[in-house]
Each structure stands twice: as structure tokens, then as C-alpha cells.
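Read-outs throughout are calculated quantities, based only on the coordinates presented, and are distinct from any laboratory measurement. Just so it is clear, the structure is predicted and the values come from calculations on it, not from any experiment. Methodologically, a virtual Cβ is constructed for each residue, glycine included, from the backbone with ideal geometry; neighbour enumeration extends over all protein chains shown.
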């Protein structure tokens with residue numbers, strides 16, 4: 001990277017490659033009456049023009065390992081690589097133009113004549129569920145692909161029936177666009193009998209499996225290749241239709257096809273996220289303790305099901321259904337709706353920030369309604385430290401935690417008791433100062449593949465190369481994995497390299513996502529290193545001409561006990577026979593934390609500023625503090641971006657109004673100031689590292705904490721209800737209306 005030798009997708013080139021450009025629908029919902037491509041085919045340099053009728057490919061996959069209410073199955077209406085019969089969102093790919101140059105392909109796209117018959121569109125989940133709403137797919141009645149439920153409905157009803165008080169709150173978790181730095185791109189080739197795809201990915205094995213379903217060939221016939229990837233955030237986890245179309249064209253034409261997307265295409269056609277409305281309720285006893293919870297959610301999944309979209313908006317939400325609270329009487333219903341908007345899937349947190357936001361906004365609101373201290377109100381209902389393992393109503397089991405201990409550290413670090421003085425001082429300066437808290441928990445480490453497979457190979461120069469299924473795109477895998485292996489083998493970390501996707505790469509395993517890389521794959525790598533040490537015992541015994549029982553290993557060297565005769569594991573590796581392949585699987589664990597935010601709002605302008613942010617997190621054992629801090633800062637900033645700035649907006653006809661950074665805000669580095677990060681590790685026993693994961697903690701905790709702080713500040717001026725984003729204009733308008 002520092003020497004300029006890092007290769008992103010656009011840096012890859014193959015001999016004889018052609019260039020692709022996708023013609024996209026300019027409307028949200030219409031029948032395709034005809035596509036006239038002769039004009040484009042006559043354009044200089046054009047090699048081919050493909051439409052949905054030309055492609056012999058299967059639908060993009062989407063599945064859910066769970067059923068809906070009454071045992072109902074998920075309805076997957078399918079998604080073609082290029083639209084067939086109808087377009088269903090503005091940005092739907094209609095045709096692929098392949099030419100000798102990228103400019104020729106782009107120019108020729110303007111010569112493809114598409115005749116549409118416009119149809120009515122629906123863009124919000126609420127409107128999609130209305131009677132007689134336009135159907136996104138004829139195969140999906142009422143636009144609901146699944147009516148899902150989790151928890152204990154009967155027990156929740158009973159808790160609400162005997163409650164001394166019921167508190168309810170409806171919140172909207174707004175729609176966002178992931179926007180990684182590197183726009184989506186691919187270079188597709190057909191080599192021998194294999195498909196090769198160079199692309200931006202969070203993990204080659206998962207994308208390879210998804211491609212297998214579309215191309216109709218075994219995963220062994222597919223290679224996914226990537227080096228540098230300019231950001232993931234969940235939107236680079238899945239296969240996209242453009243990749244399938246490009247691979248089809250490459251095989252048909254007998255030459256590689258390269259496509260580099262634009263920032264406009266990122267906004268239009270990348271997976272988007274969130275867009276969930278939650279109506280929540282708490283049942284409280286006479287002392288203010290939580291007896292029961294219930295949530296009724298509607299999730300907007302867009303025009304097609306992304307491979308992981310249904311999972312994220314069901315299991316990804318309810319795997320921490322009752323948060324950190326001892327509430328067995330909890331229930332959630334989630335209806336998954338289709339609309340004429342871009343498909344929805346993962347974005348940092350992948351469902352957990354939705355549940356965290358719904359719970360912690362509701363809990364904070366209940367504390368205000370009761371006139372209780374928000375911290376003490378929460379403490380009253382925490383799962384006690386001696387109750388672990390603890391099974392929640394959704395069926396998931398928390399293995400360990402110390403929620404009260406985390407809370408106490410956060411309270412101390414935030415100077416909780418002196419907030420009234422800070423609030424009064426801000427008032428003298430003409431500012432509204434508000435405070436918000438979130439005590440969150442999330443499930444991390446789960447994966448779709450049954451095993452995580454790793455390899456360790458020695459090179460002739462004594463370097464050790466690790467092969468892993470999780471792809472690094474900013475998380476620092478090279479550093480931490482090398483730390484782990486160095487600690488076991490005694491080999492200097494700078495002698496250890498990492499590869500995660502190449503033409504000769506065919507490991508199975510899970511992609512980067514769900515804060516799982518260290519806890520899951522890191523654990524497998526550490527165990528693989530330990531297996532390598534064991535394997536080396538016999539080689540060392542043979543080399544040293546001693547019995548294996550007389551050999552001991554320490555600090556990178558095998559030594560005959562009680563002597564100075566020794567051989568290094570590095571030299572044994574160079575001689576061959578010490579490479580190893582190892583696989584294992586470690587499941588979900590539950591990092592948690594307490595975040596406390598303070599914001600100040602200037603009533604005259606609506607400008608809001610984060611003036612203090614304390615995060616106390618239990619991420620289990622920490623291997624590299626610097627990387628943990630970086631992950632937390634990034635997550636906090638992404639959460640703050642959604643709360644204060646970001647919002648994807650479609651008009652009623654389905655046109656995206658926020659299709660560039662002129663209209664959609666980019667979070668800046670200075671958005672979150674006054675950050676104080678505190679650790680309270682409670683190591684898990686669910687993996688050998690004792691790590692719980694940290695990649696998504698920042699956003700899962702920050703969204704409710706920051707919004708609670710905004711609401712607290714606005715409450716002082718008489719604002720009754722407010723929803724994200726807290727932009728200056730929306731804050732100013734809310735304050736203005738409260739005065740009237």
C-alpha cells in the first residue's frame with residue numbers, strides 16, 4: 001500500500017480484455033415492452049449487447065434458515081442478472097454493453113432503445129402493505145415475503161395484562177447507503193473450465209458459493225480473486241447481478257470483461273440498509289422493573305431479496321431480542337416487505353443496531369416517563385452476573401457478561417452525577433445540552449459456512465504465509481493474525497504474511513462480517529499454529545536424531561531436553577513437510593457495553609455538536625488495543641453519521657433524490673469529539689481466544705445513545721417527538737414548531 005503496489009479491482013488487467021457498461025432503468029416500475037439494440041451494435045468498438053433474454057443464468061440466491069408465523073416459508077420471487085419483463089427499481093440493470101473500450105461501451109449504451117410501459121410504484125414498507133398497493137412481484141401477495149415472529153407471545157401478553165404501567169414508543173431506523181470508498185467493480189474471465197472473478201469482496205468462499213448457485217457449476221469451478229478492497233461495511237458481502245452478467249459475457253465471448261462502476265451506481269444499485277419502523281412496548285411493575293417487551297416491526301427489503309437480506313432483518317434483529325434485561329416475556333413480529341427501491345441487506349451491525357435502537361430508545365423513554373434516573377432504571381432490570389448462561393425468549397443463550405460492572409465504569413468515566421452543572425452552563429451559553437445512554441448487547445461471530453478453513457505454508461525464504469477465508473479491508477487482519485501465530489510459533493511477526501483470495505485459493509469458510517474475524521477465524525488460526533508445533537515434533541526428532549518424547553518446543557525452537565542441541569521451526573518449515581491445513585468452527589458470542597453521549601444544540605441554527613462520548617465495552621479478551629480503538633472510532637462515526645446526517649430518500653415515483661454526495665452526507669472525521677474509550681473485558685469460553693468481537697460495537701451502541709441525547713436536549717424546548725436524522729434543518733424546524 002505504501003509503495004503503491006496494492007491492487008484494487010480497477011488495477012487488475014488481463015490480456016485481450018473488453019469493457020462492460022450497464023444500461024440501467026430510469027424508472028422504478030415498468031414493463032419492458034421492447035429493447036432495440038441494433039443501433040448500439042453498430043457503434044464503433046462494440047463487441048456485444050446482452051439483455052435479460054440472452055442470459056442463461058439462474059436466479060440470485062436468497063434463503064433463510066427459519067420459518068415465519070404458522071410455519072410459513074420465505075417467498076423468494078427471484079432476481080435475474082439483467083431485468084426480464086419488468087424493471088423494479090430505478091437503477092435496475094437492463095442491458096450489458098461490451099466494447100473494446102470503456103468509453104465506447106458507455107457511448108453505445110445511449111443507443112439502446114428501451115420502450116417501457118410505466119406502472120405505479122411503492123417506496124415505503126408501510127405503503128407496500130396497504131390494501132390494493134401495487135405489487136412488486138406478482139408471486140408475492142401483499143408484498144410480504146415473510147411474516148416472522150420470535151419470542152414468547154403468550155407470555156408477553158400475560159406480562160402486559162398484569163403490568164402496573166405500559167410505555168410505548170414508535171421509532172424509525174432510517175435508510176442509509178453504505179458507500180465504501182471503492183465503487184463496485186469486477187473483472188470476469190473464463191480460464192480453461194473455471195470462472196475467475198476479480199472483485200471487491202468481504203470473503204471469497206461465500207461469494208464463490210453464491211456464484212455457484214447462479215452459474216450452475218460446482219464451487220470448485222469458480223475462483224474469486226481480490227487483494228485490496230476499499231471498504232466493506234456489509235455491502236460487499238454478497239454477490240451482485242453485474243458480476244453474474246459479466247461472467248456470462250466473458251465465457252460467451254471467450255475474453256475477459258472488465259466493469260468499473262461509478263459513484264452514481266453505488267447510490268443507485270448497491271445494497272442499502274436499515275429502513276425499519278418499530279412499534280415497541282414495555283410492561284412495568286409497580287417498582288419500575290421491566291416485566292415484558294413486545295415489538296411490531298416492518299422492514300423494507302427493496303425490490304429483490306439480497307442473499308442475506310431476509311436473515312439480517314429477522315434473526316439478525318432478534319438474536320438479542322430483550323437486550324441486557326432479565327425479561328423472559330419478550331416477543332417480536334417482523335414483516336418483511338418488498339418495495340420499488342434498491343435491495344436491502346447488511347450494513348455495519350447487520351440487524352443488531354436495529355434491535356439495540358428499538359430497545360434503548362424505548363427504555364430511555366420509559367425512564368423519562370417515570371421520572372427515573374436512566375442508569376438506575378436500567379440497572380433494576382439487568383440480567384445479574386450470576387445468572388449466566390442466560391437463555392433469552394428468542395432462544396439464544398448469552399454465555400457471560402457483567403452489565404452492572406460495565407455500567408458503573410461508564411458512569412464514572414462520564415462524570416454522570418455532574419451532568420446538571422454542565423447542562424446549566426450550556427444554557428447560559430444559549431445551548432440545549434442533552435444526555436443519552438445505551439446499554440447494548442449484540443451477537444457476533446456467527447457464520448453461514450459450517451467450518452472455517454485455514455492453511456499455513458512455509459516459503460523457501462523462511463517466510464510463513466497464512467491463508468484465511470475472511471478478507472481484510474481495513475480491519476488489520478495481517479497484523480493480528482501474525483501476532484497470534486508469532487505468539488505460538490515464536491516466528492517474528494514481520495516474517496508472517498496473509499492471503500485471502502487468489503486464483504489458486506480454494507478454502508471454505510465464512511467471510512468477514514459479524515465482528516467474527518478474530519474470535520472465529522483468529523481462533524482457528526491459533527489452533528492451526530498449535531497443530532503445526534505438534535506436527536513439527538516428529539520432524540525435529542528426526543532432524544536431531546532423538547526420540548520425540550525427548551523434544552520440547554519454546555520460543556520458536558525444538559530442543560532436546562537438557563541440552564543445547566536445537567533446530568528452529570522456521571528452518572524445518574523451509575525444508576518442507578510442515579505445511580498444515582486446519583478447520584474448525586466457533587459460534588456466536590455476545591459483546592456488550594454502555595455508551596453515554598452528550599450533545600449540544602444551538603436553537604437559532606439547529607446545529608448539533610457531540611461534546612462528550614464515553615464508551616465502556618466488553619469485547620472479551622483484547623489482542624491489539626490500537627485496532628480495537630480504531631474499530632470503535634469507526635463504528636461510532638458511522639452511527640453518528642446516520643443519526644445526524646445520512647438519509648436515503650426516494651420520491652413517491654421511486655426516483656432516488658439523494659444520489660450523490662451533493663445530496664447525501666458523508667460522515668467526517670471530526671463528527672465525534674470528546675471520545676473516551678474504556679474496557680471491561682469478561683472473556684468468553686466459547687472460543688480459545690476469549691474474544692467477543694468489536695467491529696460493530698461502535699455503531700450498535702452509538703445510534704441509540706446519540707439519539708437519546710438529542711431527544712433529551714429537544715425535550716427542554718418542548719419538542720415531544722423527534723426521529724433521525726438530526727440535521728440542522730430538521731432540528732431547527734422541530735424547535736420552531738415547538739414554540740408555536
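How large is the Rg to Rh ratio of region 172-226 when both quantities use alpha carbon positions and Rh follows Kirkwood?
On the way: Rg = 14.0 Å, Rh = 12.6 Å.
In region 172-226, Rg relative to Rh is 1.11.
How big is the equivalent ellipsoid of region 646-740 along its three axes, where each semi-axis is √(5λ) from the Cα gyration tensor, reported in whole Å from largest to smallest?
34, 21, 13
Going highest first, how would you order 698-704, 712-718, 347-353 by mean Cβ packing within 10 Å? Intermediate values should be presented prior to the final figure.
On the way: 698-704: 31.3, 712-718: 19.0, 347-353: 28.7.
Listed from highest to lowest mean packing, they are 698-704, 347-353, 712-718.
Just the Cα atoms of region 284-323: what Rg and Dmax do they give in Å?
When restricted to Cα atoms, region 284-323 yields Rg and Dmax of 14.9, 47 Å.
Any idea what the relative contact order of region 452-584 is, in percent, if you count C-alpha pairs under 8 Å spaced at least 6 apart?
33 percent
Would you give the gap between the C-alpha center of region 650-701 and the C-alpha center of region 703-740, rounded to a whole Å?
Going from one Cα centre to the other spans 21 Å.
Got a sec? How would 214, 324 order by Cβ neighbour count within 10 Å, fewest to most? Mind showing how you got there, number by number?
Numbers: 214 23, 324 29.
With the sparsest Cβ surroundings first, the list reads 214, 324.
Got the relative contact order for region 511-669 handy, in percent, Cα pairs under 8 Å and 6 or more residues apart?
13 percent
What order, most packed first, do the peptides 237-246, 186-195 have when packing is the mean number of other Cβ atoms within 10 Å of each residue?
Ranking, from highest mean packing down: 237-246, 186-195.
So what is the calculated 222 nm ellipticity per residue for the chain, using -39500 (n - 2.57) for each DSSP H run with n of 4 or more, over all residues, to the nearest 500 deg cm²/dmol?
Here the helix-only value at 222 nm equals -8000 deg cm²/dmol.
For residue 56 and residue 34, FRET efficiency with R0 = 30 Å and r from the beta-carbon atoms, rounded to 0.05?
It comes out at approximately 0.90.
Beyond 20 Å, what share of the Cα-Cα pairs of region 215-340 is found? Please give it as a whole percent.
On the way: 4851 of 7875 pairs.
Cα-Cα pairs of region 215-340 separated by over 20 Å account for 62 percent.
I want to check the label-to-label distance for residue 72 and residue 740. Put each point 7 Å from Cα in the C-beta direction and report it in nm to one decimal.
Result for the modelled spin labels: 4.0 nm.
Return the Cα extents of region 452-584 along principal axes one, two and three, sorted largest first, each rounded to a whole Å.
47, 26, 25
Suppose a student asked you for the relative contact order of the chain, using Cα pairs under 8 Å spaced at least 6 residues apart; what percent would you report?
RCO, the chain: 15 percent.
At what distance in angstrom do the alpha carbon centres of region 112-186 and region 512-588 lie from each other?
Going from one Cα centre to the other spans 51 Å.
Which of 473, 721 comes first, and how do the rest follow, when ranked by fewest Cβ neighbours within 10 Å? Can you show the working numbers first?
Working: 473 22, 721 12.
Placing the least packed residue first, the sequence is 721, 473.
Could you list 423, 385, 258, 692 so that the one with the fewest beta carbons within 10 Å of its beta carbon is first and the one with the most is last?
385, 423, 258, 692
List the residues of region 342-370 whose backbone N lies under 15 Å from a point placed 7 Å from the Cα of residue 662 along the Cα-to-Cβ direction.
none
Within 10 Å, count the other beta carbons around each residue, average over each peptide in 731-737, 543-549, 587-593, and list them highest first.
587-593, 731-737, 543-549
In the chain, what % of DSSP beta bridges are antiparallel (nearest 5)?
Values: 99 of 125 bridges.
Roughly 80 percent of the beta bridges in the chain run antiparallel, per DSSP.
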